[in-house]
Every structure is written in structure tokens, then in C-alpha cells.
Amino acid sequence: MFADTISSQTVEINEMIQLEFEHNYQQKVMFQRFLPLSHCNDTKDVAFWRQQWTKELTSWHSPYKAMIDVSALVISEDEKIKTSLEMMTRFFKGFFLRKINGFGFDSAKNHHLLPFQIFPTKEEAEADLGVRFPKGKEAGDFRSQITLQNFFQQHCIELSFLSPTIIERDDQVKILKDKITNNLMQWHSKWTLIIDCSNLRINPECHSQITRMLNYFNGLFMKKVVGYNPSDSSDLYPFPVFRSRHKAVVDIEGEGIKGGDEAECRSKKTP
């Protein structure tokens, strides 16, 4: 079943290290953010970080820069951890990592053990990295709540939110549209959008803006959009919503033929 296939692709969990990734393919920057209570206690935690970072590289096909929010990361004072971190950094520099900056430096959390430059603020890290991003796309705001997962073999992008979120302003719709559009740079064929509504509510006044956004994605080969698990039974959404994820998945199951990361032109036979 499709539902079982998606479940099997869930990212491995590490109780000590919790990471979020976001990619800006246009500016060629990979963002990483450690969630609160992340602890790097031994070399196994470093290995987990390296493993998750490596997985994210499957969507990259060009040199890139990395910027990492380490403000929530606590590192144990251990020479083996320092050596392991240095080896990890050298490894990624051998796979087209051009430069890496961190921000959120805290000496009490042993950030001096990290083998790359850590700046006090995100703005300083961006400036040194040579990138600039529009206001409203800062970490910790609405944008950082948005999570996208690609399931290429099922032709599906799954949208979810990390915490209870209400879309009630035009600028939020624009941020959501920009983030999905950026993610689409990995896709080369038709796709379906499935939305986890458990943390999502949409102000009725924004329904028309959401509809316009979805119409825009129809022009970018989106086949269908379905939601599941509404935050409240009385909530209304400008797209079909099912009570359970299973029912939403069944509704779109079987639409894909080949992987979404495979270009359409490769599969078409020459007349």
C-alpha cells in the first residue's frame, strides 16, 4: 500500500540530535537548524548528523554553501567528538560543499568545538557567506513552521506544520507559495500535494488566496491536492480534506507511473 511505502521512508530518529533542513536551490544554500534539546554527546551523534546531511544531498546536483543554526545545540567537551566533527566537515567538502557558516554561538554549549566559523547572529553569518534573503523569511517565524517531504516514487509532496498554525495574512500565503515553488526545483514530472491539517487552520478570508495559489501550482504540473486530519471538525479548507491520512492516501493512490525525480522527457519515446 502507498501508506506503508511512505511510512517506511520516515527519517530515522535520534533522541539526542534533532535537525531540520531547508534548501534554497536558487541561491545554492542548504540551511540546517538544530531543534531545542539537541545534544551531541558522543561520536554516534556526530555520525547521525553526518547521515542525515548525506541524505539531504540526494536533491543537490551542484556545489552549495551551508548555513547552520547551532543556537540550540549542546556539545559535550570531548576530544573524540571534536575529531569526528572535523572528519565530517572534510568529508562534505569533498562532496561540493564550498563554504559553511554557523550562527548562534554560545561558549557555554562548547560551540568552539565545531570546525567552522560560528557567528553570533544569522545576519553576520549570511553576510560572510555572501547571501542575502528577504525579510519575512527569517528562522523562527511562519516559514520555519513549514515542512515539506518529497516522495518521488509516489509523485507526492507532503506539507505539514511543526506547531499549531493559522494562515490569516496574504504574506503567509506568499511565503508558503515561495517555499513550495523552491521545492519544485527537484521535480521533473507531475505531482500531488497532500496536506497534514492537524496543525493547520485557515482563516476563511484567506481561502481565495489559497485557491489562487493552488491554481498557480496546477500550471506547474500539480495533479491534485488533498488534506487529512483537520485540526477541528468545524474547520473549513479550500481543498478536499479527509479525516484520516489513510483515506487521503487512498484517494491519490495509483496516480503515479514513474518517479517524480525522473524527467518526463527521458520516458517519452521518439516518434
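Readers should treat all values here as calculations from the given coordinates under stated rules, not as data from a laboratory. Keep in mind it's a predicted model, so treat the numbers as computed, not measured. Note that we place each Cβ from the backbone using ideal geometry, even for glycine, and neighbour counts take in every protein chain shown.
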Net charge near PRO164: determine it from the other residues with C-beta under 15 Å of the C-beta of PRO164, scoring Lys and Arg +1 and Asp and Glu -1. -4
In nanometres, the difference between 0.36 nm per residue of separation and the alpha-carbon distance of ARG98 and ARG243 is 47.7 nm
Any residue on another chain or 5+ positions along whose placed amide H is under 5 Å from the amide H of ILE195 is listed here as LEU159, VAL226, GLY227, TYR228
Dividing the Cα radius of gyration by the Kirkwood radius, what Rg/Rh value follows for segment 41-170? 0.99
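If the chain between GLN51 and LEU236 were fully stretched, how many nm would it gain, using 0.36 nm times the residue separation less the Cα-Cα distance?
Working: separation 185, 0.36 × 185 = 66.60 nm, distance 3.98 nm.
Net length gain for the segment: 62.6 nm.
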Show me the three semi-axes of the equivalent ellipsoid for segment 142-264, from the C-alpha gyration tensor (sqrt of 5 times each eigenvalue), largest first, rounded to whole Å. 23, 17, 12
Which listed pairs, of LYS93/LYS223; LYS93/LYS174; LYS223/LYS247, have C-alpha distances above 27 Å, in listed order: LYS93/LYS223; LYS93/LYS174
Within segment 63-126, percent of DSSP bridges classed antiparallel, to nearest 5: 0 percent
Residues MET185 and ASN218, FRET efficiency given R0 of 25 Å [Cβ-Cβ distance, rounded to 0.05]: 0.90
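How big is D, in µm² s⁻¹, for segment 162-227 by Stokes-Einstein at 25 °C and 0.890 mPa s if Rh is the Kirkwood radius over C-alpha pairs?
Working: Rh = 12.6 Å.
Value of D from the Cα-based Kirkwood radius: 195 µm²/s.
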Along each principal axis of its Cα atoms, how long is segment 24-80 end to end? Whole angstroms, biggest number first, please. 37, 20, 17
